[in-house]
Amino acid sequence: MSEENRTPILEVTDLGIDFGGLTAVNNLDLTIYENETVGLIGPNGAGKTTVFNLLTKVYEPTRGEIWLCGENTHKMTTVQVNKAGIARTFQNIRLFMNLSVLDNVKTGMHNEHSYSVADAILRLPKYKKEEAEIDEKARELLKIFGLEDKAEYIAGSLPYGEQRRLEIARALATSPKLLLLDEPAAGMNPQETEELMDMIRKIRDQFHIAILLIEHDMKLVMGICERITVLNYGAMLATGTPEEIQANPQVIKAYLGE
Amino acid sequence: MKEKLAQMFQSKNRSRTLSFGLVIIAYIVLEVLLLTGNLSSLFTSLLVPVCCYIVAAIGLNLNVGISGELNLGQGGFMSVGAFVAVCVSGVLSYSIPSPIIRLIASILCGAIAAGVIGALIGIPVLKLQGDYLAIVTLAFGQIIKSIINNLYIGYDKNGFQMSFVENKLALAEGGKALLSGPMGATGTDRIATFTFGVILVLLSLLIVYNLMYSRNGRAIMAARDNRIAAESVGINVANTKMLAFVTSAMLAGAAGALYALNYATLAPSKFDFNLSILILVYVVLGGLGNMTGTIIATTVLVLLPELLRSLQDYRMLIYAIILIVIMLVTNNEFLKEKFSKLRLGKKGAMK
Ligand SMILES: Nc1ncnc2c1ncn2[C@@H]1O[C@H](COP(=O)(O)OP(=O)(O)OP(=O)(O)O)[C@@H](O)[C@H]1O
Ligand SMILES: [Mg+2]
């Protein structure tokens, strides 16, 4: 498929942010198309997580523009960005640790249903109908991530790898068009990483979403990304297919050090 | 697995069943004792107040335990509910002879008034992160006490009269003074009943539980557990905190209303900072987020000092010591582990 025919989900132009004197991200251009997996890599401190925080409006950009499905996000809050179609996971896992695994996923469907507080308190039919839908969808999502047996566990009691998967399930529950994954394989063993790769592919096709992936595990990145953007000291070092990136001397230098 | 599911299913419903069961059984036992004349007059006089404190504490637990925001002004919201209810009941006494309808109308008005004031406080404060709510509600409690302390309201055939600081009311024949400054409400019709108190407790349990197990309740708890993650899944944190805070204030307002209509006279100084702290103590001792615990802790802590009058002087001292112990325990990982096993309801069963 040629690029012109595809609709961009996300268009970022000249994005940048300064923290006091430190320029954490600078001159970033990034376009992500429907149903595409894009990798965002770079050495530690390169500014990858900061890009996620900019896209989701946790930070306000100092420069540049972010267009989401043709809509400029400069006036949006984090909540509105999620409603408009971006969901994410966090490098340092941020689950609702005291809620059950199932309830964690259900929180992701908060805006998808509309029953009111009165419906809930009076247990009216609308509440029952929508809660049944929420429950069904949440359990389906848990099944995809192999967590259906742990639905009633407290999220904080899950082992690390399962917490990471639960975070992805919760993000997916918000029905995003673009999913941002911040080092989803961190702390996983090779077998778990392998399974995660399959899962990511599967959800991308099943839910027809685009994925922007930060990851240090090169095998994973090269294995599932169609395009990769490399950051170094906040600036864009290279962008291209996995093969191009692997062969790029500047990228090799940045990773191996001078 | 199936067992785990069943177990959990029960545990969510169990805490609910336990709360309702406890209240209903206690009510039946007490009614029987009342009818057979086996309840001392001191004990009988405490029945309605205990219900009021329980309702206010359940509300506060929603705010502090479920929503995770510290509120040091629950007494202030009770005060608003109390004096609004006194006025409403006083005015309605001319037109509505039925005490039950007057009681319901007064309590509703008290709850709504407290809720409106809660919303006015919450709108600016809950947008901020940090312990601002604690500071502002603390100030609110003091301010509302001073205002009512200086407020004179009367009602006669020409309508309301109000004056501030000095009693300048000139009521026509047949009119009555509703609020008299530091003396507060005088000559109130005592229309509150124990049965209605229990109904109010059951209602507040119903409201809080049904809220907890809904999308709004999940959002409230999500915002408590992790604000940034909650926003990332599209939850408006300020709105969810507002819902918990206003509901809590409304329950306090209803509790205060019932309380006021249980006494012929009631001074504004009754609803002071100590009361707010006492209710917080009930909540903390009963367990954050644990409604059954709140009911038990409130009942025990209201009745104990009254029944052991000789300890009265040491009451605040004992509370302080218990609070300190609780703070130490809840911050100690080892003891926390031990205690979470003992705690009623959720956690243990879900591990
Ligand atoms: N809120 C902030 N205030 C000040 N500096 C910040 C802030 N957030 C990030 N930075 C700085 O921005 C730079 C990029 O950080 P970022 O977390 O985006 O790196 P990263 O590429 O995700 O690294 P890693 O691979 O270690 O996760 C770092 O130097 C960091 O210290
Ligand atoms: Mg990072």
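Only a single criterion out of (1) open to solvent by 30 Å² or more (accessible area, probe 1.4 Å); (2) β-branched (Val, Ile, Thr); (3) over 30 Å from A:GLU167 (Cβ atoms) is not satisfied by B:ILE228, namely (3).
Just to be sure, is B:VAL201 modelled with pLDDT of 90 or more and in contact with a Gly (Cβ under 9 Å, 6 or more places away or on another chain)? Here the answer is no, as B:VAL201 does not meet what is asked.
Among the residues of segment A:226-241, those that are closer than 22 Å to A:PHE19 by Cα, surrounded by 18 or more Cβ atoms within 10 Å (Cβ to Cβ) and among the aliphatic types (A, V, I, L, M) comprise A:VAL230, A:LEU231, A:MET236, A:LEU237.
Checked across segment A:66-88, the condition of being away from chain B (no Cβ under 12 Å), open to solvent by less than 30 Å² (accessible area, probe 1.4 Å), among the basic types (Lys, Arg) and within 14 Å of ligand 2 (Cβ to nearest atom) holds for no residue. Restricting attention to segment A:126-149, the residues that are part of a helix (DSSP H, G or I) and either open to solvent by 50 Å² or more (accessible area, probe 1.4 Å) or away from chain B (no Cβ under 11 Å) (or both) total 16. Exactly one residue out of A:ARG170, A:ARG123 is within 11 Å of chain B (Cβ to nearest Cβ), assigned to a loop (DSSP other than H, G, I, E, B) and among the basic types (Lys, Arg): that is A:ARG123. The helices (runs of 4 or more DSSP H) found entirely in segment A:47-119 that carry 3 or more residues being under 18 Å from A:LEU142 (Cα atoms) and not assigned by TED's automatic domain parsing to the domain that holds A:ILE17 are A:101-107. Could you check segment A:208-236 and list, in sequence order, the residues that are farther than 25 Å from A:GLY85 by Cα, more than 15 Å from ligand 2 (Cβ to nearest atom) and either modelled with pLDDT of 95 or more or of a type outside the set (A, V, I, L, M) (or both)? The answer is A:LYS219, A:GLY223.
Scanning segment A:179-237 for residues that are among the aromatic types (Phe, Trp, Tyr) and under 28 Å from A:LYS253 (Cβ atoms) yields one hit, A:TYR233.
Of all the listed residues (A:LEU40, A:LEU54, A:LEU15), the sole one being within 14 Å of chain B (Cβ to nearest Cβ), open to solvent by less than 80 Å² (accessible area, probe 1.4 Å) and either within 12 Å of ligand 1 (Cβ to nearest atom) or touching a residue at least 12 places away in the same chain (Cβ under 8 Å) (or both) is A:LEU54.
Being within 23 Å of A:TYR233 (Cβ to Cβ), in the same structural domain as A:GLY234 (by TED's automatic domain parsing) and more than 9 Å from ligand 1 (Cβ to nearest atom) is a description that does not apply to A:ILE9.
Does any residue of segment B:28-39 turn out to be outside any loop (DSSP other than H, G, I, E, B), of a type in the set (Ser, Thr, Tyr), over 22 Å from B:GLY289 (Cα atoms) and over 18 Å from the mean Cα position of the chain (by Cα)? No, segment B:28-39 has no match at all. Across segment A:206-225, a minimum of one residue is classified as more than 21 Å from A:PHE145 (Cβ to Cβ) and surrounded by 17 or more Cβ atoms within 10 Å (Cβ to Cβ). The set of residues in segment B:268-307 that are touching a Ser or Thr at 6+ places or on another chain (Cβ under 7 Å), more than 27 Å from B:SER146 (Cα to Cα) and of a type in the set (A, V, I, L, M) comprises B:MET291, B:ILE295. The residues of segment A:21-35 that are touching a residue at least 40 places away in the same chain (Cβ under 8 Å), farther than 13 Å from A:VAL51 by Cα and either within 16 Å of ligand 2 (Cβ to nearest atom) or open to solvent by 50 Å² or more (accessible area, probe 1.4 Å) (or both) amount to a single one, A:GLU34.
Which residue is farthest from the other protein chains (Cβ to nearest Cβ), if the candidates are limited to segment B:177-190 and must be crowded, with 20+ Cβ neighbours inside 10 Å and on the phi < 0 side of the Ramachandran plot? Going through the qualifying residues, I end up with B:ALA177.
Scanning segment A:177-207 for residues that are among the aliphatic types (A, V, I, L, M), within 11 Å of the chain's Cα centre (by Cα) and within 16 Å of ligand 2 (Cβ to nearest atom) yields A:LEU180, A:LEU181.
Only one entry in A:ALA186, A:ALA171 is among the hydrophobic types (A, V, I, L, M, F, W, C) and away from ligand 1 (no atom under 16 Å from the Cβ), namely A:ALA171.
The values are calculated or read from the model by the stated rules, or taken from the named source; none is laboratory data. This one's a predicted model, so the numbers in the text were calculated from it and none came from an experiment. Please note: Cβ atoms are built from the backbone with ideal geometry, for glycine as well, and neighbour counts cover all protein chains shown. The accessibility values were calculated without ligands, DNA or RNA, using every heavy atom of the protein model including side chains. Shrake-Rupley method; radii C 1.70, N 1.55, O 1.52, S 1.80 Å.
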